[in-house]
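Engineer: Below is one structure. I have some questions about it.
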Amino acid sequence: MLEILEFPDPRLRTVAKPVEVFDLELGELIDAMLETMYEANGIGLAATQVNRHIRLLVLDISEARNEPKIYVNPQITNSEGQQVYEEGCLSVPGIYANVKRADRIIVQAQDREGKPFEEELDGLHAVCLQHEMDHLAGKLFVDYLSPLKRQLVRKKLEKGRRQAEQEEATASLI
Ligand code: QAP
Ligand code: CO
């Protein structure tokens, strides 16, 4: 499993570069990202979150967790409507907030072999793709919250990490 960077890690602000070579190494990264996403109970993961700054993301919004989707060099070519969804993020664990995004999008991307494809998405699939594409631009869903709320999120995560550390220290004594 790959290590997932957590907010406010500055590496999450890196802008990803296009993928140019579709080789074995890319295939291995895709498989490791899918495994990491499933292991962490996520529905989406961008390469940025595992400290690889290339335009690659994976999703699986299916109930059975058996419909992996891979998007290399994704571009949204059309978007319409609005929807509000309560989002979370593997890089912002335990935090959920409403975010307003486009309701229907058309995305062009390449598959793991480099073959181009186009899809029309709506609902959660469209939300998730927009959320993951934000990661590739160095953006997080908490950026849509007010600065005050974002500060609260930061404090809550810090507190959680301190508590986990404390619990580990206590456990090692008994
Ligand atoms: C993005 O997020 C997303 O806090 C993917 O404790 C989420 O997979 C797009 C997760 C919702 C649209 C709607 C978060 C798992 C997973 C947590 C995720 C957590 C465990 C988040
Ligand atoms: Co995320």
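The values are calculated or read from the model by the stated rules, or taken from the named source; none is laboratory data. What you see is a predicted model; the values in this text were computed from it and never measured. We place every Cβ from the backbone using ideal geometry, glycine too, and count neighbours over all the protein chains shown.
Engineer: For a quick check of your reading: which strands (runs of 3 or more DSSP E) sit entirely within the stretch 78-174 and have at least 2 residues that are in contact with a Ser or Thr (Cβ under 7 Å, 6 or more places away or on another chain) and in contact (Cβ under 8 Å) with a residue 24 or more places away in the chain?
Structural biologist: It comes to 104-110.
Engineer: Filter the stretch 46-78 down to the residues that are within 22 Å of residue 97 (Cα to Cα) and not hydrophobic (A, V, I, L, M, F, W, C), then identify the one that is farthest from the chain's Cα centre (by Cα). Walk me through it before giving the result.
Structural biologist: Looking only at the stretch 46-78, we keep the residues that are within 22 Å of residue 97 (Cα to Cα), and these are 46, 48-49, 57-63.
Filter once more, so that each one left must be not hydrophobic (A, V, I, L, M, F, W, C): 48-49, 60, 62-63.
Working: 48: 8, 49: 6, 60: 11, 62: 16, 63: 18 Å.
Among residues in the stretch 46-78 that are within 22 Å of residue 97 (Cα to Cα) and not hydrophobic (A, V, I, L, M, F, W, C), the one farthest from the chain's Cα centre (by Cα) is 63.
Engineer: Can you confirm whether the stretch 6-19 contains a residue that is touching a Pro at 6+ places or on another chain (Cβ under 7 Å) and away from ligand 2 (no atom under 16 Å from the Cβ)?
Structural biologist: For the stretch 6-19, residues touching a Pro at 6+ places or on another chain (Cβ under 7 Å) and away from ligand 2 (no atom under 16 Å from the Cβ): absent.
Engineer: When you go through 9, 60 one by one, which is the residue that is touching a residue at least 40 places away in the same chain (Cβ under 8 Å) and of a type in the set (Asp, Glu)?
Structural biologist: Working: 60 fails: touching a residue at least 40 places away in the same chain (Cβ under 8 Å).
Result: 9 is the single residue among 9, 60 that is touching a residue at least 40 places away in the same chain (Cβ under 8 Å) and of a type in the set (Asp, Glu).
Engineer: Can I ask one more? What's the total number of residues in the stretch 1-59 that are outside any loop (DSSP other than H, G, I, E, B) and either among the aliphatic types (A, V, I, L, M) or at pLDDT below 95 (or both)? Explain how you work it out, then say what you get.
Structural biologist: Of the residues in the stretch 1-59, the ones outside any loop (DSSP other than H, G, I, E, B) are 10-13, 17, 24-39, 44-50, 54, 56-59.
Within this subset, residues satisfying the condition of being either among the aliphatic types (A, V, I, L, M) or at pLDDT below 95 (or both) are 12, 24, 26, 29-30, 32-34, 37, 45-47, 50, 54, 56-59.
Here the count works out to 18.
Engineer: Follow-up. With respect to the numbered conditions (1) buried (at least 18 other Cβ atoms within 10 Å of the Cβ); (2) out of contact with any Pro (no Cβ under 9 Å at 6 or more places or on another chain); (3) over 17 Å from residue 142 (Cα atoms), which one is the sole condition not fulfilled by residue 90?
Structural biologist: Single failed check for residue 90: (3).
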